[in-house]
Structure formats: C-alpha cells, structure tokens
1. Report which label in (1) 32.7, 105; (2) 14.7, 46; (3) 16.7, 58 holds the value of Rg and Dmax of the Cα atoms in Å derived from the coordinates of this structure.
2. Hey, what number do you get for the chain at 222 nm if only DSSP H runs of n ≥ 4 count, each worth -39500 (n - 2.57), divided across all residues, to the nearest 500?
3. Per residue, how much accessible surface does the chain expose to a 1.4 Å probe? Answer in Å², no decimals.
4. Considering the Cα trace of the stretch 21-101, what is its radius of gyration and what is Dmax, both in angstroms?
5. Please give the helix 131-143 orientation as an angle from the longest Cα principal axis of the chain, in degrees from 0 to 90, rounded to the nearest 10.
6. Which one, 31, 107, 51, has the greatest fluctuation when you compute a Gaussian network model over the chain with C-alpha springs under 10 angstrom?
7. Mind checking the dipole of the chain: about its Cα centre, +1 per Lys or Arg Cβ, -1 per Asp or Glu Cβ, Debye to the nearest 20?
8. Name the residue farthest towards the positive end of the dipole of the stretch 10-144 from the options 112, 102, 143, assuming +1 on Cβ of Lys and Arg, -1 on Cβ of Asp and Glu, about the Cα centre.
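The values are calculated or read from the model by the stated rules, or taken from the named source; none is laboratory data. From a predicted model like this one, the values you see are computed outputs, not experimental measurements. Note: ideal-geometry Cβ built from the backbone for every residue, glycine included; neighbour counts use all protein chains shown. When the accessible area is computed, the model is the full protein with side chains, heavy atoms only, and any ligands, DNA or RNA have been set aside. Shrake-Rupley method; radii C 1.70, N 1.55, O 1.52, S 1.80 Å.
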Amino acid sequence: MLVLLLTPIHAFAVNPDEVLADPALEQRARALSAELRCMVCQNQSIDDSNAELARDLRIVVRERLVDGDSDEQVLDYVVSRYGEFVLLKPRLSVRTIALWGAPATLAIIGLIVAVVYTRRRAVQPVAKLSPEEEARLRRVLDAE
C-alpha cells in the first residue's frame, strides 16, 4: 500500500469529454499532443497542460484526425497557425541549424582569435641593442 502511495502518478490534463471513441485515433491524438507545446505554459505539452488554449489545441488535433488527416498534416496545420515554436522538438531546418550552430561557431572563432593573438604576442623577437645604443646606455647608467 505504501509503494502505491509513493509511486508517481502521471496526471494528464485531457478531459473525459475530449477522448475519442476510436482507441487507435485516441492513441495518435495523445502522441501528437505530447509533441505540441502549450503556448501558455511553454514548458509543457498540450497533453499535460490545463490551460484553455491547450484544451482548444487538443480538440483541434482530434478534429483533424477524425477528418482523416495524417499525423504530419495535423502538425503542419498547427505549425502554420502558431509557428515552429509550438513544436516541443523543432524540425531540422536552416534556421534551427543556424540557431544551434551559432554559439559553437562563435566559440571556435573566439578560440582561433585567442590562439593567433597569443602566438603573435609570444613570437615578437626582442631586438638587440646596437653597439652605439649600448654605449649610450652605459653612459646614462654611469651618470646616475
């Protein structure tokens, strides 16, 4: 009994009136809902969120599935209305590559600049004094 009480129970926000009669469609709807971000909570899927907008999105997903849309068509429809941000796992595109690659690229450029700067600074040879300069330096030091 204690084990059951301490076991975490996943509480989903899907209301009983939202559940589809067809178990296969309901399973697809749940899978799609887990991939979509709640635009109110922003760190939860619409399947986990109690927000009104998340409920509306769950209903839209289920309506599109009942109408015969494929999973990809449903995701494309939601993305067309809310943008790529609605996806919890963004699609690979030029924008996402640039977004994720920019910090690494800037770090590499900074490292290269630092290495070149330190090498140039360390390589600068110290010029020897000419015999005339040495004689003048001795005179100055002896004068003091």
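1. (1)
2. Value at 222 nm, helices only: -20000 deg cm²/dmol.
3. Here the per-residue accessible area is 77 Å².
4. 12.9, 44
5. 80
6. Most flexible of the set in this elastic network: 107.
7. Rounded to the nearest 20 debye, it is 1040 debye.
8. Result: 143.
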